[in-house]
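Worksheet: one structure, shown below.
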Amino acid sequence: MDKFKDSPVVLVTSDHQRSGKEHDAALIWTEDVTKDSFKACLRELQNFDGKHQDIYVTWFAFAKLHKPLFTEHSSVNFPNTDPPTDEDNNAYCEFVHFTRSYNAIPSVQISANHSTTASGNMAPVHNGISAWIENMNESGFRVCVKELYETRYDPVSVNYAVLTDVCNPGWSYFNGFCYFTSDICRDWTTAVVKCRQESSVLVDVNNTEENVYIQHRHNGDKSWLGLNDRSTEGDFTWADRGHGNFTAWAKNQPNNFKEEDCAHALGVKHDYEWNDVQCSDCHKFTCKKDLDECQNHLNYCHKKATCTNERGSYTCKCRAGYVGDGFNCNSYAGLGYSAILANDDNYFGTLSSWLSPVVQSQSSYWKRCWRASVDGWAASTFHSLCDSKGPTVTIVRVGKYIFGGYNSLSWSSVSGYQYTSSAFLFSLVNKPGWGPVKLTQQGQYSSDKSSSTYSLLNYGPTFGGGHDLKIVNYASSNTDSYTNLGHTYSPPSGHSYHTSFTKSFLAGSYNFRPDEVEVFYETT
């Protein structure tokens with residue numbers, strides 16, 4: 001099978017495809033599921049069943065649950081350290097509580113998995129592992145396992161996945177929509193009305209996959225489509241949907257022969273193509289309605305994201321105070337404590353997007369080690385609190401200007417330059433007309449790859465060889481701190497090193513007195 005990052009959930013079933021199988025019975029389970037492979041084991045229970053033939057095993061493996069068809073999955077571990085009890089019919093049983101309540105009893109698929117490594121049973125040739133469900137209701141079920149042949153009781157796990165009917169009774173789910181197919185034929189207009197009565201549309205088709213799916217629902221027979229040119233001859237539009245981008249017309253179609261204004265699908269035997277026919281003809285039809293994935297936990301949106309339903313899909317957006325793509329949302333990971341950023345979502349979002357590619361782990365967060373106005377402005381205080389702590393973010397405020405830098409290496413009191421390719425400077429608020437900007441190491445003298453940062457006991461956080469940004473000792477009491485973009489770090493687009501613009505871009509002037517300096521270090 002395709003390789004996974006970790007061992008996937010594997011579910012297996014068997015199908016005995018031969019006549020006269022009324023008395024057939026078989027056990028099926030998996031052995032040694034890894035990220036690369038697994039064994040499917042099947043044992044027939046009849047002693048004299050003849051040749052083992054016409055038995056087909058179907059399996060699927062997943063690392064991430066496929067929604068909306070499946071709503072939850074997990075596994076139950078049976079260590080089987082003690083013999084089973086008589087009251088459980090010599091089986092091991094556990095009750096499973098669903099992670100949510102269901103309005104109706106869902107379907108649950110289970111598979112037992114035996115591990116030769118966990119059990120120490122390296123040659124389980126005589127195993128006969130049976131797994132089943134008892135007492136299922138809307139809140140959970142009882143799962144049991146039993147070894148039918150061996151006298152030993154190896155550890156066994158049971159994987160399960162929960163399936164629910166995401167569409168109304170009589171409707172089927174496919175790729176973001178629910179579909180209903182009629183049992184009797186109707187003319188095209190009546191078909192449209194019938195679908196509208198169900199808050200749906202006479203089917204429109206968006207791609208080849210959907211075209212094949214819809215026509216298979218009709219078992220090869222002709223069926224109505226919502227496509228028609230009743231309003232303007234030759235201008236085919238979908239009923240209730242307007243124009244579309246996909247068509248599958250048969251050769252020389254549509255031809256408007258005898259005032260043919262409505263389209264139908266020709267069926268499987270005609271390569272799933274379409275034809276225009278008279279709207280008064282009688283054909284079966286399929287209705288189509290959007291599934292709202294934002295209801296009933298049918299989406300992958302993060303718990304800190306807002307789900308917005310769209311036709312055939314949905315979008316996820318992280319809520320205020322969180323950043324990410326909506327499927328994964330992280331808090332501002334400690335940066336919310338910044339007095340300089342002051343709970344501004346725009347600042348948080350921008351800075352977090354720059355830091356996201358360089359954080360060491362998704363579980364990382366930023367912890368403040370130095371706030372100059374509180375801890376003291378001495379450079380030695382900065383070093384005593386922030387040295388040897390790994391990656392850091394420095395944030396500086398001078399009046400309305402907000403800027404800083406990221407250093408992936410530890411600060412040190414020992415004099416010297418350090419190089420790291422991931423270090424960068426940034427500006428959140430700068431000269432009028434400029435927006436937030438990330439400044440990477442593409443300055444005039446960056447090619448020597450030696451001066452990303454500079455450490456010295458009497459220096460605060462200092463970046464670049466120029467220096468591009470220097471915070472001096474007792475910086476709030478003087479104007480000796482300065483910026484000089486373009487030496488190591490790239491100046492704003494269209495500007496060069498050692499100009500008045502690049503000297504004043506970050507702080508409004510070459511020399512400055514900071515109102516606040518904060519340093520956060522990355523931790524887990």
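Out of (1) at pLDDT below 90; (2) surrounded by 13 or more Cβ atoms within 10 Å (Cβ to Cβ), what's the single condition that is false for residue 161?
Residue 161 satisfies all of (1) at pLDDT below 90; (2) surrounded by 13 or more Cβ atoms within 10 Å (Cβ to Cβ) except (1).
Just name the residue that is farthest from the chain's Cα centre (by Cα) out of those in region 336-392 that are of a type in the set (Val, Ile, Thr) and within 25 Å of residue 413 (Cβ to Cβ).
381
Could you say which residue among 380, 361, 384, 353 is in a loop (DSSP other than H, G, I, E, B) and hydroxyl-bearing (Ser, Thr, Tyr)?
Going through 380, 361, 384, 353 in turn, the sole match is 361.
Look through region 1-56, keep the residues that are of a type in the set (Val, Ile, Thr) and modelled with pLDDT of 85 or more, and return whichever of them is farthest from residue 110 (Cα to Cα).
If we take residues in region 1-56 being of a type in the set (Val, Ile, Thr) and modelled with pLDDT of 85 or more, then 34 is farthest from residue 110 (Cα to Cα).
Would you be able to tell me the number of residues in region 443-459 that are among the small types (Gly, Ala, Ser) and either in contact with a Lys or Arg (Cβ under 9 Å, 6 or more places away or on another chain) or within 15 Å of residue 382 (Cα to Cα) (or both)? Working first, answer last.
We begin by selecting, within region 443-459, every residue among the small types (Gly, Ala, Ser); these are 443, 446-447, 450-452, 455.
Filter once more, so that each one left must be either in contact with a Lys or Arg (Cβ under 9 Å, 6 or more places away or on another chain) or within 15 Å of residue 382 (Cα to Cα) (or both): 455.
Counting residues in region 443-459 that are among the small types (Gly, Ala, Ser) and either in contact with a Lys or Arg (Cβ under 9 Å, 6 or more places away or on another chain) or within 15 Å of residue 382 (Cα to Cα) (or both) gives 1.
Go through (1) in a loop (DSSP other than H, G, I, E, B); (2) under 27 Å from residue 8 (Cβ atoms) for residue 137 and report which single condition fails.
All conditions are met except number (2).
Can you find a residue that is in a loop (DSSP other than H, G, I, E, B) and not polar (S, T, N, Q) anywhere in region 305-318?
Yes: one or more hits.
Table: residues versus (1) hydrophobic (A, V, I, L, M, F, W, C); (2) within 21 Å of residue 166 (Cβ to Cβ).
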position	(1), (2)
56	no, no
73	no, yes
79	no, no
88	no, no
94	no, no
98	yes, yes
103	no, yes
115	no, no
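Only one of 479, 462 is in a loop (DSSP other than H, G, I, E, B), modelled with pLDDT of 95 or more, β-branched (Val, Ile, Thr) and assigned by the TED database to the domain that holds residue 384; which?
Just a single option satisfies the conditions, and that option is 479.
Would you say residue 341 is in the same structural domain as residue 458 (by the TED database), assigned to a loop (DSSP other than H, G, I, E, B) and surrounded by 14 or more Cβ atoms within 10 Å (Cβ to Cβ)?
So residue 341 passes the test.
Testing residue 281 on (1) surrounded by fewer than 20 Cβ atoms within 10 Å (Cβ to Cβ); (2) within 26 Å of residue 68 (Cβ to Cβ), one condition comes back false. Which one is that?
(2)
Residue 462 - would you say it is closer than 21 Å to residue 377 by Cβ, touching a Lys or Arg at 6+ places or on another chain (Cβ under 7 Å) and free of Cβ contacts under 8 Å to residues at least 12 places away in the same chain? Walk me through how you get there before you give the answer.
Details: closer than 21 Å to residue 377 by Cβ: yes; touching a Lys or Arg at 6+ places or on another chain (Cβ under 7 Å): yes; free of Cβ contacts under 8 Å to residues at least 12 places away in the same chain: yes.
Considered against the rule, which asks whether it is closer than 21 Å to residue 377 by Cβ, touching a Lys or Arg at 6+ places or on another chain (Cβ under 7 Å) and free of Cβ contacts under 8 Å to residues at least 12 places away in the same chain, residue 462 comes out as yes.
Would you confirm, using the coordinates I've provided, whether residue 299 is closer than 30 Å to residue 333 by Cα, part of a strand (DSSP E or B), under 19 Å from the mean Cα position of the chain (by Cα) and not hydroxyl-bearing (Ser, Thr, Tyr)?
So residue 299 fails the test.
Conditions (1) in a strand (DSSP E or B); (2) closer than 22 Å to residue 180 by Cβ; (3) not β-branched (Val, Ile, Thr), marked per residue:
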site	(1), (2), (3)
231	no, no, yes
240	no, yes, yes
245	no, no, yes
253	no, no, yes
276	yes, no, yes
281	no, yes, yes
288	yes, yes, yes
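Looking at this structure, is residue 197 of a type outside the set (Val, Ile, Thr), closer than 19 Å to residue 181 by Cα and in contact (Cβ under 8 Å) with a residue 40 or more places away in the chain?
So residue 197 fails the test.
Residues are listed down the side, and each one gets a yes or a no for (1) surrounded by fewer than 20 Cβ atoms within 10 Å (Cβ to Cβ); (2) of a type outside the set (Val, Ile, Thr):
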| residue | (1), (2) |
| --- | --- |
| 363 | yes, yes |
| 376 | yes, yes |
| 380 | yes, yes |
| 390 | yes, yes |
| 395 | no, no |
| 403 | no, yes |
| 423 | no, yes |
| 441 | no, yes |
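The values are calculated or read from the model by the stated rules, or taken from the named source; none is laboratory data. Values in this document were obtained by computation on a predicted structure and should not be read as measured data. Backbone-built Cβ (ideal geometry, glycine too); neighbour counts: all protein chains shown.
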